[in-house]
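Before any comments, here is the structure.
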Amino acid sequence: MEQPNLTYIEQLARGDENIRKTLIDVIKTEFPEEKIAYYDSLTQKDYKKIEENVHKIKHKISILGLEKSYELANTYEHNLREKNMDGVTDFEEILNTITAYIKTI
């Protein structure tokens, strides 16, 4: 599986350490909250909420340079609209990868 990176964040920050730190802090704060919300909606089998949570997390996936993972999440999000859980395993692997990564940044 591809690995998260800070390339996009570095591009946005353009060498400004404050912007870089702010963007990283947003990810480190928001991602765990969004992950909890995702698992809560999954437990409730609320497809609409699951879809909404996947959509929110997709932005973090993109910011962390995970292009293939973004596509997997996008497919999963579309499947959820049909009450189809295809993609849940891949999505959870992505969540685990990001969780491990943000502990290192």
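The values are calculated or read from the model by the stated rules, or taken from the named source; none is laboratory data. Since the structure is predicted, the reported quantities are computational estimates derived from the model, not experimental observations. Glycine gets a Cβ as well: all are built from the backbone with ideal geometry, and neighbour counts include every protein chain shown. Quick note on the areas: whole protein, heavy atoms, side chains included, nothing else; ligands and nucleic acids left out. Shrake-Rupley method; radii C 1.70, N 1.55, O 1.52, S 1.80 Å.
Just to check I understand the Karplus step: with θ = phi - 60° and J = 6.51 cos²θ - 1.76 cosθ + 1.60, what whole-Hz values come out for region 64-80, glycine and proline as x?
Karplus values, whole Hz, x for Gly and Pro: 8, x, 9, 5, 5, 5, 4, 5, 4, 5, 5, 4, 4, 4, 5, 4, 4.
When the helices in the chain are scored as -39500 (n - 2.57) per DSSP H run of 4 or longer and the sum is shared across all residues, what 222 nm value do you end up with, to the nearest 500 deg cm²/dmol?
That comes out to -25500 deg cm²/dmol.
Going by a ≥ b ≥ c, the root eigenvalues of the Cα gyration tensor, does region 62-105 fall in the rounded group (a/c under 1.5), the prolate group (a/b larger than b/c) or the oblate group?
Here region 62-105 falls in the prolate category.
Rounding to the nearest 10 and keeping the result within 0 to 90°, find how far the Cα-based axis of helix 17-43 lies from the longest principal axis of the chain.
That works out to roughly 10 degrees.
For the chain, what is the accessible area per residue in Å², given a 1.4 Å probe and the full set of protein chains?
Per residue, the chain has an accessible area of 60 Å².
State the label only: which of (i) 16.0, 55; (ii) 16.4, 64; (iii) 13.9, 44 corresponds to Rg and Dmax of the Cα atoms in Å computed from the shown model?
Label of the calculated value: (iii).
What is the dipole size for region 19-105, taken about its Cα centre, with +1 at each Lys and Arg Cβ and -1 at each Asp and Glu Cβ, in debye to the nearest 20?
Value, rounded to 20: 300 debye.
Suppose a student asked you for the relative contact order of the chain, using Cα pairs under 8 Å spaced at least 6 residues apart; what percent would you report?
31 percent
Name all residues of region 35-69 having a backbone nitrogen under 13 Å from the label point set 7 Å from the Cα of residue 26 along its Cα→Cβ direction, giving them as ranges.
Label zone hits: 59-64.
Could you give the angle, 0 to 90 degrees to the nearest 10, between helix 47-63's Cα long axis and the longest principal axis of the Cα atoms of the chain?
20 degrees
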